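Visitor: Have a look at the structure that comes next, please.
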Amino acid sequence: MPVEIDIAKVARLARLALSEEDLDRYREQCEVVLEHAARVQALPTDGVAGTSHPLPRTNAFREDRITECLDTEEVLAQAPDRDGDFFSVPKILDEQ
């Protein structure tokens, strides 16, 4: 069941400047996709419930746990240079 599409009109509506070679290639590609969609649409689906996923899914919840963070003083002790409770790094941008 061939599906026709005016790819030049679609390109014009999308404001795309396509060569004739591009138009032919995209026309062929779009026709293949639309033919496949038409075949899927023609399948008998009476009595088939709609679904968003082919397999049953459930949420996997976990308990929130607070984990210990690194000790600030221990981390800053390893820094090459520090300014109080902060890392001191070389300036890379000129402030004005």
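Visitor: To the nearest 0.05, how large is the calculated FRET efficiency for GLU31 and ARG57 if R₀ is 35 Å and r is the Cβ-Cβ distance? Could the numbers behind the result be given before it?
Guide: On the way: r = 35 Å, r/R0 = 1.00.
So the FRET efficiency works out to roughly 0.50.
Visitor: Moving on. So what's the convex hull volume per residue for the Cα atoms of the chain, in Å³? Provide the component values of the computation, followed by the final result.
Guide: Values: hull volume 33.7 nm³, N = 96.
Taking only Cα atoms, the chain has a hull volume of 351 Å³ per residue.
Visitor: Using only Cα atoms and rounding to the nearest 10 degrees, what angle (0 to 90) does helix 20-41 make with the longest principal axis of the chain?
Guide: 80 degrees
Visitor: As I understand it, the dipole of region 3-93 uses +1 on the Cβ of Lys and Arg and -1 on the Cβ of Asp and Glu, about the Cα centre. Which of GLY84, ILE5, SER19 lies farthest toward its positive end?
Guide: Final value for the positive-end residue is ILE5.
Bear in mind that the values in this text are calculations on the coordinates, not laboratory data. Note that the structure is predicted; figures quoted are calculated from it, not measured. Glycine also receives a Cβ, built like all others from the backbone with ideal geometry; neighbour counts cover every protein chain displayed.
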